[in-house]
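These notes are about the structure you will find just below.
The values are calculated or read from the model by the stated rules, or taken from the named source; none is laboratory data. Being a predicted model, the structure only gives us computed values, none of them experimental. Neighbour counts are summed over all protein chains in view; Cβ atoms, including those assigned to glycine, are modelled from backbone coordinates with ideal geometry. To get the accessible areas, we keep the full protein, side chains included, count just its heavy atoms, and leave off ligands, DNA and RNA. Shrake-Rupley method; radii C 1.70, N 1.55, O 1.52, S 1.80 Å.
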Amino acid sequence: MNAEPDDTRPAGVPVDDASAGTPARFADELIRPSVIGAVSLLTLVQYAERPPVRLAWLAWSLAAVAIAAGVASSVVPWRRLPDRTRTTLVAVFMAAAALFFPLAKDTAAMALVFLASVTAGEKLASRRAAFTIVGAGTVVTATATWGATALLHLPNESPWWVPLIVGLPLYIGLARRERADALAASDLAARQSRRAAASEAREAALEERGRIAREIHDVLGHALSGIALQLDMADALHAGGRDQDANEAVRRARALAVSGIGETRRAIRALREDTLPLPETIARIAHGGTAGFEIRGEPGEVRVEVAQAVIRAAQEAITNAHRHAPGAEVNLLLDYTDELIRLTVTDTGTAGPGARPDRSGSGMGLVGMRERAGLLGGTLYAGPAEPPASGWTVRLELPR
């Protein structure tokens, strides 16, 4: 089974677009490097065709630093960098682009300072750091433009207000960052939801396997153990020359096999029926067994294993009543209390005219029910009804 990657991250680590879903990842991994690369290439071509007359060494140096910082900010795995390194890289990008702005004349290099502003808003985890860097970059851009024009007498072909708006793209970067955070949070929630659903499915499968294992143990385990015991006894009796007793042991083994098959069918039916509400399932069992049925208390939710135990006890008790007292009146009472659920099955103990009790039962059904009740923290009583009533009573009490 392949585990999904862990999406948790330490506090303070920014969410870059690479973790924010396919559209944002496409924007970060393709569009940003493409734009910066295109601006950088166009700047180099324009400068090569029209090299600066004055301060050429400074212009080329600032261009190299700004381009290098801009490309690095778009292609380096951002989340792997420490906070200080991120801040320094963006600050260098902003400062170099701001100083390069008045030397760019009317070239594509002017766009670098705007890209630096977007990068600060989008990439830096601290808004304070982003606003500080962009604010300082705006001041440096305006100051450098004024100084280059007034002091160095360099031509300035851009309008006077352009250096003052280089910080506005910061809000574009902040908007992109918020979108990336929202996409990352949505993606994380979806993955956690899938993991929770998978965990619930595994727990449900394990619980279902446990229930089936208990049914096999209660039904087939007891029946097969009894068959093996009877066959061993038959073998020993046959070896001792007691063929009649050996044949009787074989017949008892066969009766156990038939009883086990019937109990297995009832168990399978119960496993299929426990998806219905418990009162409805018990009512159907009572109706099928020509027994009366009554509910007391307020029915509510019970654990699956508790409902399964009640269903099996009802089936076993009705079967035993019809087997040992055919024609007797049988009644079921399902009683709900705040702490317990109680099933009481009673019969009058009087067989109908001409009825002959069936003594072929294995006796293992109630043993299995008593074991199951003990595992669930409950009790099972099977014995004569309390006076003045007559007949037989089976009472199962389980905590809700």
Next on the checklist: Checking the structure you have, find out if any residue of the range 136-150 is open to solvent by 40 Å² or more (accessible area, probe 1.4 Å), on the phi < 0 side of the Ramachandran plot, more than 53 Å from the chain's Cα centre (by Cα) and modelled with pLDDT under 80.
Outcome noted: yes
Checklist entry - Would the range 74-88 turn up any residue that is of a type in the set (A, V, I, L, M, F, W, C) and modelled with pLDDT of 80 or more? => result no
Checklist entry - Out of (1) under 21 Å from THR337 (Cα atoms); (2) at pLDDT 80 or above; (3) surrounded by fewer than 18 Cβ atoms within 10 Å (Cβ to Cβ), the odd one out for ASP232 is which? => result (1)
Next on the checklist: Can you go through GLU208, GLU178 and tell me which one is in a helix (DSSP H, G or I), surrounded by 12 or more Cβ atoms within 10 Å (Cβ to Cβ) and at pLDDT below 75?
Outcome noted: GLU208
Item to check | Selection from the range 294-332 of residues that are in contact (Cβ under 8 Å) with a residue 60 or more places away in the chain, of a type in the set (Gly, Ala, Ser) and not in a loop (DSSP other than H, G, I, E, B) | outcome: ALA309, ALA313, ALA317, ALA321
Item to check | Identity of the residue in the range 369-400, of a type in the set (D, E, K, R) and open to solvent by 20 Å² or more (accessible area, probe 1.4 Å), that ends up nearest to THR344 (Cα to Cα) | outcome: ARG395
Checklist entry - Among all residue pairs at least 6 apart or on different chains, which show Cβ distances below 7 Å where the first residue, located in the range 163-184, is within 16 Å of MET110 (Cα to Cα) and touching a residue at least 60 places away in the same chain (Cβ under 8 Å) and the second is among the aliphatic types (A, V, I, L, M) and surrounded by 21 or more Cβ atoms within 10 Å (Cβ to Cβ)? => result VAL166/VAL113
Checklist outcome for this item: Matching residues in the range 254-285 (at pLDDT 70 or above and in contact with a Ser or Thr (Cβ under 6 Å, 6 or more places away or on another chain)) number 3
Checklist entry - Any idea how many residues of the range 82-120 are crowded, with 17+ Cβ neighbours inside 10 Å and not in a helix (DSSP H, G or I)? => result 3
Checklist outcome for this item: Within the range 54-73, the residues that are open to solvent by 10 Å² or more (accessible area, probe 1.4 Å) and in a helix (DSSP H, G or I) are ALA56, TRP57, LEU58, TRP60, SER61, LEU62, ALA64, VAL65, ILE67, ALA68, VAL71, ALA72
